[in-house]
Amino acid sequence: MGLKQAIKSLDAFPRAEEHLLQKTQSGALVSIIGLIIMASLFLHELRYYVTTYTVHQMSVDLKRGETLPIHINMTFPSLPCDVLSVDAIDMSGKHEVDLDTNIWKLRLNRYGHIIGTEYLSDLVEQEHAHKHDDKDEDSDEKLHSLGFDQASEKLIKKVKQALENDEGCRVYGVLDVQRVAGNFHLSVHGLNIYVAQMIFGGATHVNVSHTIHDLSFGPEYPGIHNPLDGTVRLLHDTSGTFKYYIKIVPTEYRYISKEVLPTNQFSVTEYFSPMDEFDRTWPAVYFLYDLSPITVTIKEERRSFLHFITRLCAVLGGTFALTGMLDRWMYRLLEALTNKRKVRNALR
């Protein structure tokens, strides 16, 4: 008997006799509140458990010989599509003209509505056969270039009409360039310099106002932020060149399903150079990019089931204990008020 009593004395959950238990309205109210709180906390913990979180890791970039996809989607409200060209240069200074690329140009009216489309099969526009003349050309060649052929005269007339109608252009698509530092730019550089002079009357009259709807260097992953998306730069009664200096960070996003998504994120700084009548260059929008030697790996992970059970026991047990304490306090308070009322009635 002594051993059984010793074991019973270790019981942390003593039971009161049934006839000593008393149910009260205050206890019912506290119980309902406690159940609601515990149910809410359970759902919160369950959502916390099933939601993935990300872990960032860094390592040296070992990729070689791959291409860099550049997704662009921009609007130039003051430049017709016939004069707008896309060009790319790698770090050696060589123009890349045979890249596998898909670029579309959409003609826009003054209200931004599409009125025509045009497809470019390479970076340098094929409809502009003339390029800038070299500075060392002799005067005879320059005089010969002033004798515009029929195609140039037709282009000049067409573009002037488009400028009078306030036509704009939207450029979108994908450029596949070599995975080295370089730049790509959008400008009127595809025009013969004398054709451009006849159309605009000078570089100071070229308005490169633009809106960047999307600029990215790979597919998007959850939580990515492209800092240039939604950028609007409008020029009024002035002209100049915009330069965006971009630092590209190679990134791998690893889903919880073990799928790996190679992409890139980037940071950017911006510089604007106003144009004056003595400048020998023409306005443009440059994107000068360089690649970081560090790769960022972002991994999706899920919390362990043991962690979920531990948190669940802690919050539910704490809520149960707290509601029990609250019930006892309310019961004692009501009991004290009842006894006090009985004493007053007895004194009367």
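The values are calculated or read from the model by the stated rules, or taken from the named source; none is laboratory data. Since the model is a prediction, treat every value here as computed from it, not as a measurement. Note that each Cβ is placed from the backbone with ideal geometry, even for glycine, and that neighbours are counted across all protein chains shown. Heavy atoms of the whole protein, side chains included, go into the accessibility calculation; ligands, DNA and RNA do not. Shrake-Rupley method; radii C 1.70, N 1.55, O 1.52, S 1.80 Å.
I'd like to check something: does the range 328-336 contain any residue that is of a type outside the set (Gly, Ala, Ser), outside any helix (DSSP H, G or I) and either at pLDDT 90 or above or more than 30 Å from His210 (Cβ to Cβ) (or both)? Can you show your working first?
If we filter the range 328-336 for residues that are of a type outside the set (Gly, Ala, Ser), which is where we start, we get 328-335.
Remaining after also requiring outside any helix (DSSP H, G or I): none.
No, the range 328-336 contains no residue that is of a type outside the set (Gly, Ala, Ser), outside any helix (DSSP H, G or I) and either at pLDDT 90 or above or more than 30 Å from His210 (Cβ to Cβ) (or both).
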| request: Look through Glu18, Glu45, Glu96 and report the one residue that is more than 30 Å from Asn165 (Cα to Cα), of a type in the set (D, E, K, R) and modelled with pLDDT of 75 or more. | output: Glu45
| field | Options Thr251, Thr281: the member that is touching a Gly at 6+ places or on another chain (Cβ under 8 Å) and either open to solvent by less than 70 Å² (accessible area, probe 1.4 Å) or in contact (Cβ under 8 Å) with a residue 12 or more places away in the chain (or both) | value | Thr251
| note | Exactly one of Leu62, Leu123 is on the phi < 0 side of the Ramachandran plot, at pLDDT below 85, open to solvent by 60 Å² or more (accessible area, probe 1.4 Å) and in a loop (DSSP other than H, G, I, E, B), and that residue is Leu62
| Of (1) in a helix (DSSP H, G or I); (2) closer than 19 Å to Ser292 by Cα, Leu163 satisfies all except one. Which? | (2)
| message | What's the total number of residues in the range 187-233 that are within 22 Å of the chain's Cα centre (by Cα) and either under 21 Å from Phe287 (Cα atoms) or basic (Lys, Arg) (or both)? | response | 21
| field | Whichever residue in the range 234-247 is at pLDDT below 95 and not small (Gly, Ala, Ser) and, among such residues, is most open to solvent (accessible area, probe 1.4 Å) | value | Asp237
| request: Only residues that are at positive phi and either in contact (Cβ under 8 Å) with a residue 24 or more places away in the chain or assigned to a helix (DSSP H, G or I) (or both): list them for the range 199-215, please. | output: Gly202
| said: Can you confirm whether Ser257 is of a type in the set (Ser, Thr, Tyr), touching a helix residue (DSSP H, G or I) at 6+ places or on another chain (Cβ under 7 Å) and either open to solvent by 50 Å² or more (accessible area, probe 1.4 Å) or without any contact (Cβ under 8 Å) to a residue 60 or more places away in the chain (or both)? | reply: no
